[in-house]
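Step one of this worksheet: look at the structure below.
What follows draws every value from the coordinates through simple rules; no lab data is involved. Computed from a predicted model, the values in this text were never measured in an experiment. Positions of Cβ are backbone-derived with ideal geometry, glycine not excepted, and every protein chain shown enters the neighbour counts.
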């Protein structure tokens, strides 16, 4: 009887171990990014848990401060929030996904509605516009 109990215990343990996948890797969007289309921007993303903040500058009728903030799912990299172009445009909505190297988003606002792609800066230094 004791061997049978040990056998079931080993079997159950194997089921638990083999049936459990590896934990999902967390996505961290933090870093310096360059946006070339539709508007040239240099921004820094800071992600803390499920919150993100973006600050930087865009070439929007001259050099314009840019900021955004919102929430991010650190498992999938999906995010949403609001963005501001330094008083040039009314606040607008931004949402998308990122993997820590590329951010693909959609902007919905009066000044611009459409796709945005940002790539992580290779040398870690944000060059002036």
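Note the full-extension length gain between residue 30 and residue 119 as 0.36 nm times their separation in residues minus their Cα-Cα distance, in nm to one decimal.
Gain in length upon complete extension: 30.9 nm.
Taking 7 Å along the Cα-to-C-beta vector as the label spot, tell me the residue 110-residue 63 distance in nanometres, rounded to one decimal.
Reported label-point gap for residue 110 and residue 63 is 2.7 nm.
Which shape class, rounded, prolate or oblate, goes with the range 58-129 when its Cα gyration tensor gives a ≥ b ≥ c as root eigenvalues, a/c under 1.5 marks rounded, and past that a/b bigger than b/c marks prolate?
Judged from the Cα gyration tensor, the range 58-129 comes out oblate (a/c at least 1.5, b/c at or above a/b).
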